[in-house]
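Chemist: If you scroll down you'll find the structure; I have some questions about it.
The values are calculated or read from the model by the stated rules, or taken from the named source; none is laboratory data. Because the structure is predicted, anything quoted here is derived from the model rather than measured. Note that each Cβ is placed from the backbone with ideal geometry, even for glycine, and that neighbours are counted across all protein chains shown.
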Amino acid sequence: MADSGNWFGKLAEGLARLRGGKVVDPTGLSLPPARLRRHNGYVSLQFRRGQTQSRMDGDRPEVLLVDYTRTMLAALLWQPRPARIGIVGLGGGSQVKFLHRHLAGASIEVVENHPGVIALRRDFGIPDDDDRLEVCLDDGARFIAARPGRYDLLLVDGYDDRGIPEALATPAFHRDCRLALAPGGVLASNLHCDDPGPYATRLAEAFGQEQVLLVSERKMSNHVAFAWTGGAPDGGDACMEAVQAALPDAARRELASVLERVASELRRRRQA
């Protein structure tokens with residue numbers, strides 16, 4: 001498949017710079033420039049100086065460097081072998097690279113609203129589009145609303161220079177996320193905000209109170225919210241074995257601690 005998102009992203013950002021104007025998203029919203037920073041062996045994506053949106057180890061670009069990116073992939077406890085994965089927010093592509101590398105049977109669709117971010121994909125080692133990967137330039141909320149019943153696994157990690165965009169924080173967006181899941185599908189959402197409560201409440205309204213699990217990050221201010229449409233895994237031995245069987249050795253090692261941590265939360269929840 002042609003890498004149309006990358007080509008269009010570079011063109012849109014280039015034209016904006018020639019005009020002396022700001023980059024705009026597909027809805028016409030003005031966006032800050034996407035900047036690449038290399039420092040001490042790391043590669044970072046920034047919208048504002050000193051504010052890092054994504055970070056990569058230049059010597060190990062395939063590693064999930066930031067803790068919450070691993071925690072979100074504990075969604076594999078619900079869906080060990082997802083056939084189709086949706087991702088809102090490309091960023092530096094940490095999860096895209098991991099999933100494309102380790103889940104050979106999965107088709108991955110990514111939506112990113114910032115053309116400058118897409119233009120930097122090769123700087124972060126994100127593969128070109130192929131028969132298993134498609135990166136689309138579009139408004140994330142609009143993209144998800146147009147794809148009911150499509151995803152076994154949906155990852156939401158869309159941020160601008162001010163935090164979670166309004167379009168990704170509405171009750172309608174959370175309902176559309178539920179509707180975008182196939183039967184038994186699961187959503188994992190990164191919540192980097194002062195108060196995750198309102199987001200968890202909206203997820204509970206969309207999915208049901210018993211269909212949401214909020215997990216805090218131990219070393220960061222992030223929370224990861226899981227929400228699902230079917231039954232919850234019990235976090236027991238058979239659940240862990242199913243995930244381990246679906247992953248190659250390198251992926252198992254990288255996710256081992258977060259899989260056990262979220263499985264422990266599931267066991268605790270079941271016993272409560």
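Chemist: Of R132, R150, R142, which residue is of a type in the set (K, R), surrounded by fewer than 22 Cβ atoms within 10 Å (Cβ to Cβ), touching a Lys or Arg at 6+ places or on another chain (Cβ under 7 Å) and touching a residue at least 24 places away in the same chain (Cβ under 8 Å)? Please lay out each step first, then the result.
Modeler: Numbers: R132 fails: touching a Lys or Arg at 6+ places or on another chain (Cβ under 7 Å); R142 fails: touching a Lys or Arg at 6+ places or on another chain (Cβ under 7 Å).
The match here is R150.
Chemist: Are any residues in segment 227-272 hydroxyl-bearing (S, T, Y) and in a loop (DSSP other than H, G, I, E, B), and if so, which ones? Walk me through it before giving the result.
Modeler: Let us first name the residues in segment 227-272 that are hydroxyl-bearing (S, T, Y), namely 229, 257, 264.
Of everything in segment 227-272, just one residue is hydroxyl-bearing (S, T, Y) and in a loop (DSSP other than H, G, I, E, B), namely T229.
Chemist: Would it be correct to say that D157 is in contact with a Ser or Thr (Cβ under 8 Å, 6 or more places away or on another chain), of a type in the set (D, E) and crowded, with 23+ Cβ neighbours inside 10 Å? Explain how you work it out, then say what you get.
Modeler: Working: in contact with a Ser or Thr (Cβ under 8 Å, 6 or more places away or on another chain): yes; of a type in the set (D, E): yes; crowded, with 23+ Cβ neighbours inside 10 Å: yes.
So D157 passes the test.
Chemist: Does D131 meet the test of being closer than 17 Å to N113 by Cβ and of a type outside the set (V, I, T)? It would help to see each step written out before you state the result.
Modeler: Values: closer than 17 Å to N113 by Cβ: no; of a type outside the set (V, I, T): yes.
It is false that D131 is closer than 17 Å to N113 by Cβ and of a type outside the set (V, I, T).
Chemist: Quickly run through segment 165-198 and pick out the residues that are among the hydrophobic types (A, V, I, L, M, F, W, C) and modelled with pLDDT under 90.
Modeler: The initial filter retains those residues of segment 165-198 that are among the hydrophobic types (A, V, I, L, M, F, W, C), namely 167-169, 172-173, 177, 179-182, 186-188, 191, 193.
The answer is C193, and nothing else.
Chemist: What are the residues in segment 111-126 that are in a helix (DSSP H, G or I) and surrounded by fewer than 19 Cβ atoms within 10 Å (Cβ to Cβ), if any? Don't jump to the end; show me each part of the working.
Modeler: Initial filter on segment 111-126 (in a helix (DSSP H, G or I)): 115-119, 121-124.
Residues satisfying the conditions are R122, D123.
Chemist: Of the conditions (1) under 23 Å from A182 (Cα atoms); (2) part of a loop (DSSP other than H, G, I, E, B), V224 satisfies every one except a single condition; which number is it?
Modeler: (2)
Chemist: Name the single residue that is surrounded by the fewest Cβ atoms within 10 Å (Cβ to Cβ) among those in segment 198-236 being closer than 21 Å to I164 by Cβ and hydroxyl-bearing (S, T, Y).
Modeler: S221
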